[in-house]
Amino acid sequence: MRYGFACEDCGEVRILGQGLTHLRWLRDREHIVREVDEHTSSGLETWMSEGLAFLADHRGHPVVVISEKS
């Protein structure tokens with residue numbers, strides 16, 4: 001299985017290299033992860049950066065975590 005985010009308004013999907021639990025955690029704690037990103041010199045893991053970019057692009061839209069068979 002592969003997991004990602006989907007915007008229910010526009011239908012855009014982004015598959016990320018993490019499991020369901022991690023993506024739900026990122027979506028539900030976006031504000032915390034953004035704060036950590038601002039104060040770290042080493043940066044975030046790639047999947048976190050990609051997920052935050054997707055969430056920023058779809059701010060105010062209903063975003064759900066999806067799964068698909070690979």
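A few points about this structure:
- Percent of alpha-carbon pairs separated by more than 15 Å within region 2-68: 47
- Pairs of Cα atoms nearer than 8 Å and 6+ residues apart set the relative contact order; for the chain it is 51 percent.
- Candidates E30, E12, E50, ranked by Gaussian network fluctuation over the chain, Cα under 10 Å, top entry: E12
- Residue exposure sequence - H22, H61 - by fewest surrounding Cβ within 10 Å: H61, H22
- Sorted ascending by nearby beta carbons within 10 Å, beginning with the fewest, I15, I32 become I32, I15.
- Given charges at Cβ of Lys, Arg, Asp, Glu: the chain dipole, positive-most of A53, S42, H22: H22
The numbers here are math on the coordinates, done by the rules we state, and not lab data. This structure is a prediction, so every number in the text was calculated from the model and none was measured. Note that each Cβ is placed from the backbone with ideal geometry, even for glycine, and that neighbours are counted across all protein chains shown.
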